[in-house]
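Visitor: Sharing a structure with you now.
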Amino acid sequence: MATLTPFTGVLGEINASHLLRRATLNPNPTLISQFGTYTVQQAMTALCAPLTLQVPEPLDPNTGQAFMQSFLNPTLNGSFGEASPTVGWYLREAIYSNTFQLKAVFWLHSMFILNSGSDGGTVAFFDYMQLLNFYSDKSLKDFAKKVSRCSMMSIYLNNNLNTKNAPNENYAREFLELFTILKGPQDGPGSYTNYTEQDVQMAAKVLTGFRDVPGNLRMNYLDPICHVPLNYKTFSNHDTSNKTFSSKFNNHVITGATTEAGMDTELDAFIDMIFNQQATALNYARRMYRFYVKSTITSEVETGIIAPLANNLMTTNYDISSTLQLLLSSKHFYDAEDSIQYDQIIGGKIKSPLELFLIMYSQFQISIPNPITSPGHNFWLFRNMSGYMYDIGMSIYAPISVVGYIPIYQEPFDNLWVNTAVLRSRYNQPLDLLLEGFNDSNSLTKLDTVLFVKNSGNFSNPANATTLINEMLNLLLAVMPTGSRYTYFTQSLLGGLSVISWQNEWNNYLNNNDDTAVRIALNRLVTAIVKSTEYQVF
């Protein structure tokens, strides 16, 4: 029976690796070794520590300095022609983050979708990212209130055009249909399982009169809690009538505002009404389970996992951190509910392009130059990485439609990351970035396989081929291969040599400092692993 019964005892390195691969984008060997000594409770404490950013805000790729006006830098007033500095800033920070928040940032984004390339500009997208960062370990409901007044979201879904005399239902409709309660099957004319067309109309009236903030006025509209600029209010454009919702919401009435401040009261009451519905909590519980655990939700999982997660959301004001801890602490998450461990969850998801690239950089402990002293290198490295993600099916922070990333919202979910259109690129491009590297006039970022094996501290005896292969496979793969697949990886290293011959080759390298032979073999092994089907899952 699938339940949220807590896992007990010390995690060990297999479970620690699984936890870090799923909860973060940084399952580096040092962190895995550290978490392997923790109990689940100690691991949750470490994962839920306050988020610390290496670089607090995106940097101008030409100067290495913060350039956008913000709460931290209120006197700046720079901009940039694209969202790449902010996306690259996120990717770099996620590779180095030891806590769960930055992966949760993307989870939040996947549910409250917008496109970084839409109208609104670099600064408005940065504000949206700041909202995601701030609320990634807090209340989903509070985030929904703030993001509904986020300029980038308002522009993307036209709520900046929504007035009492010219209602625009676009944001109201997507808020209900995609972002929160979901539509469900139609059960009558203009009526669906969870709401009706009347409710869309009433929601749009609640949302009238909020306008996106011009870039030069952003600091005048900082929210006192999250310190992010939010839309300003034009009371003359707000519909002040009472809003009566359908029987789906027990004919709930939201009293029309009589002052500008009352517009916020209306919006809060509307979102409270939506989040008081069990269907909303169940939606988020299922989204959390599919994102962090497994795409398939059986009736057993629905009863034993989803229902209690939804209950925790509703009783904690939709607290992300405590709900995620319940899930990540469970025996179910670690495949430990029966006598056949590691048979369902571990290795049971296909990596998204985001996970494929960032986990790879973390596992191989790729050294990236300091973004302050090498801003251009960081900018182009992550801009190229974003381009590679696009080639294999993910337009990072810029999905083609408001429904978001198809493998995250549509069955069979993560299985859709792999298809014939992207398979060749999915195998080749991460490897190119890893072994060929990214080079500019100042820096080279790539994996040196020989130095990685020799100096990283991850390999106890590189001269012993069996030990080396086992440690490499344990580091990089979710599940240790057996039989012919294990033999395949062994031969990828040895290339027909005997185990003794490999020992001689390694010792010759140590004695003569000629790494030619061992580099060819190690590159061959890394190539075989990264291009394997086993590496696609985690």
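The values are calculated or read from the model by the stated rules, or taken from the named source; none is laboratory data. Quick caveat: nothing in here was measured; it's all calculated off a predicted structure. Glycine gets a Cβ as well: all are built from the backbone with ideal geometry, and neighbour counts include every protein chain shown. What goes into the accessible areas is simple: the full protein's heavy atoms, side chains included, and nothing from ligands, DNA or RNA. Shrake-Rupley method; radii C 1.70, N 1.55, O 1.52, S 1.80 Å.
Visitor: So, in the range 466-486, of the ones that are assigned to a helix (DSSP H, G or I) and among the hydroxyl-bearing types (Ser, Thr, Tyr), which residue ends up nearest to Asp335 (Cα to Cα)?
Guide: Quick first cut of the range 466-486, residues assigned to a helix (DSSP H, G or I) only: 466-476, 483-486.
If we keep only those that are among the hydroxyl-bearing types (Ser, Thr, Tyr) too, we end up with 466-467, 484, 486.
Numbers: Thr466: 28, Thr467: 26, Ser484: 25, Tyr486: 23 Å.
It comes out as Tyr486.
Visitor: Could you tell me which of the residues Ser321, Ser367, Ser329 is touching a Cys at 6+ places or on another chain (Cβ under 6 Å), of a type in the set (Gly, Ala, Ser) and open to solvent by 10 Å² or more (accessible area, probe 1.4 Å)?
Guide: Working: Ser367 fails: touching a Cys at 6+ places or on another chain (Cβ under 6 Å); Ser329 fails: touching a Cys at 6+ places or on another chain (Cβ under 6 Å).
Every option except Ser321 fails the conditions.
Visitor: Just name the residue that is nearest to Leu435 (Cα to Cα) out of those in the range 487-509 that are without any contact (Cβ under 8 Å) to a residue 12 or more places away in the chain and not in a loop (DSSP other than H, G, I, E, B).
Guide: The selected residue is Gln491.
Visitor: Moving on. May I ask you to list pairs of residues, at least six apart or on different chains, whose Cβ atoms are under 8 Å apart, with the first in the range 13-37 being in contact (Cβ under 8 Å) with a residue 24 or more places away in the chain and the second being open to solvent by 10 Å² or more (accessible area, probe 1.4 Å) and of a type in the set (Phe, Trp, Tyr)?
Guide: Qualifying pairs under 8 Å: Ile14/Tyr342; Asn15/Phe7; Ala16/Tyr38; Asn26/Tyr96.
Visitor: List the pairs whose first member sits in the range 399-424 and is outside any loop (DSSP other than H, G, I, E, B), whose second member is aromatic (Phe, Trp, Tyr), and whose Cβ atoms are under 7 Å apart, counting only residues at least 6 apart or on separate chains?
Guide: Note: pairs meeting the criteria are Pro407/Phe413; Pro407/Trp417.
Visitor: Residues being open to solvent by 40 Å² or more (accessible area, probe 1.4 Å), part of a helix (DSSP H, G or I) and not polar (S, T, N, Q): count how many of those fall in the range 3-51.
Guide: 2
For every residue, the table says whether it meets (1) buried (at least 21 other Cβ atoms within 10 Å of the Cβ); (2) over 19 Å from the mean Cα position of the chain (by Cα); (3) outside any helix (DSSP H, G or I); (4) of a type outside the set (Phe, Trp, Tyr).
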position: Phe106; (1), (2), (3), (4): yes, no, no, no
position: His109; (1), (2), (3), (4): yes, no, no, yes
position: Ile113; (1), (2), (3), (4): yes, no, yes, yes
position: Asp119; (1), (2), (3), (4): no, yes, yes, yes
position: Tyr128; (1), (2), (3), (4): yes, no, no, no
position: Phe134; (1), (2), (3), (4): no, no, no, no
position: Asp137; (1), (2), (3), (4): yes, no, yes, yes
position: Lys141; (1), (2), (3), (4): yes, no, no, yes
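Visitor: Among the listed residues Tyr334, Tyr342, identify the single one that is touching a residue at least 12 places away in the same chain (Cβ under 8 Å) and either open to solvent by less than 10 Å² (accessible area, probe 1.4 Å) or of a type in the set (A, V, I, L, M, F, W, C) (or both).
Guide: Working: Tyr342 fails: either open to solvent by less than 10 Å² (accessible area, probe 1.4 Å) or of a type in the set (A, V, I, L, M, F, W, C) (or both).
One residue alone meets the criteria, Tyr334.
Visitor: Just to be sure I understand, how many residues within the range 143-153 are charged (D, E, K, R) and part of a loop (DSSP other than H, G, I, E, B)? Break it down stepwise before answering.
Guide: Kept after step one, since they are charged (D, E, K, R), are these residues of the range 143-153: 145-146, 149.
Right, trim to part of a loop (DSSP other than H, G, I, E, B) and you get 149.
Final tally of qualifying residues: 1.
Visitor: Can you find even one residue in the range 438-449 that is of a type in the set (Gly, Ala, Ser) and part of a helix (DSSP H, G or I)?
Guide: First, pick out the residues of the range 438-449 that are of a type in the set (Gly, Ala, Ser): 441, 443.
The next check asks that each one be part of a helix (DSSP H, G or I); those that pass are none.
The answer is no; no qualifying residue exists.
Visitor: I'd like to verify a number: residues in the range 196-207 that are assigned to a helix (DSSP H, G or I) and either closer than 16 Å to Thr280 by Cβ or in contact (Cβ under 8 Å) with a residue 40 or more places away in the chain (or both), how many?
Guide: Of the residues in the range 196-207, the ones assigned to a helix (DSSP H, G or I) are 197-206.
Restricting the remaining residues to those that are either closer than 16 Å to Thr280 by Cβ or in contact (Cβ under 8 Å) with a residue 40 or more places away in the chain (or both) gives 198-200, 202-206.
Count: 8.
Visitor: A further question follows. Mind listing just one residue for me: the one in the range 370-394 that is among the hydrophobic types (A, V, I, L, M, F, W, C) and in a helix (DSSP H, G or I) and, of those, most open to solvent (accessible area, probe 1.4 Å)? Talk me through it step by step, then tell me what you get.
Guide: Of the range 370-394, the ones among the hydrophobic types (A, V, I, L, M, F, W, C) are 372, 379-382, 385, 389, 392, 394.
Filter once more, keeping what is in a helix (DSSP H, G or I): 379-382, 385, 389.
Details: Phe379: 23, Trp380: 120, Leu381: 0, Phe382: 3, Met385: 0, Met389: 0 Å².
Here the residue is Trp380.
Visitor: If you don't mind, another one. Please indicate, with yes or no, whether at least one residue in the range 144-154 is farther than 21 Å from Ala204 by Cα and crowded, with 23+ Cβ neighbours inside 10 Å.
Guide: Initially, the range 144-154 is screened for residues farther than 21 Å from Ala204 by Cα, giving none.
So far as the range 144-154 goes, no, none of its residues is farther than 21 Å from Ala204 by Cα and crowded, with 23+ Cβ neighbours inside 10 Å.
Visitor: Out of the range 209-231, which residues are open to solvent by less than 60 Å² (accessible area, probe 1.4 Å), in a strand (DSSP E or B), closer than 19 Å to Gln69 by Cβ and in contact with a helix residue (DSSP H, G or I) (Cβ under 7 Å, 6 or more places away or on another chain)? Talk me through it step by step, then tell me what you get.
Guide: So in the range 209-231, the residues open to solvent by less than 60 Å² (accessible area, probe 1.4 Å) come out as 209-210, 212-215, 218-219, 222-223, 226, 228-231.
Within this subset, residues satisfying the condition of being in a strand (DSSP E or B) are 210, 222, 229.
Retained after the next criterion (residues that are closer than 19 Å to Gln69 by Cβ): 222, 229.
Within the range 209-231, Pro229 is the sole residue that qualifies.
Visitor: Looking at the range 284-298, which of its residues are without any contact (Cβ under 8 Å) to a residue 40 or more places away in the chain and in contact with a Lys or Arg (Cβ under 8 Å, 6 or more places away or on another chain)? Talk me through it step by step, then tell me what you get.
Guide: First, pick out the residues of the range 284-298 that are without any contact (Cβ under 8 Å) to a residue 40 or more places away in the chain: 285-286, 289, 296-297.
The one that is without any contact (Cβ under 8 Å) to a residue 40 or more places away in the chain and in contact with a Lys or Arg (Cβ under 8 Å, 6 or more places away or on another chain): Ile297.
Visitor: Taking the criterion of being of a type in the set (Ser, Thr, Tyr), over 17 Å from the mean Cα position of the chain (by Cα) and modelled with pLDDT of 95 or more, would at least one residue in the range 178-187 satisfy it?
Guide: yes
Visitor: Moving on to the next point. Could you give me the residue pairs with C-beta distances under 7 Å whose first residue belongs to the range 443-459 and is under 13 Å from Ile368 (Cα atoms), whose second residue is surrounded by fewer than 17 Cβ atoms within 10 Å (Cβ to Cβ) wherever it lies, and which are 6+ apart or on separate chains?
Guide: Cβ pairs passing all conditions: Leu444/Gly437; Thr445/Gly437; Lys446/Leu435; Lys446/Glu436; Lys446/Gly437; Leu447/Leu435.
Visitor: Related question: Could you list all residues from the range 185-195 that are touching a residue at least 24 places away in the same chain (Cβ under 8 Å) and open to solvent by less than 30 Å² (accessible area, probe 1.4 Å)?
Guide: At the first step, the residues of the range 185-195 found to be touching a residue at least 24 places away in the same chain (Cβ under 8 Å) are 191, 193-195.
Ser191, Tyr195, listed by residue number.
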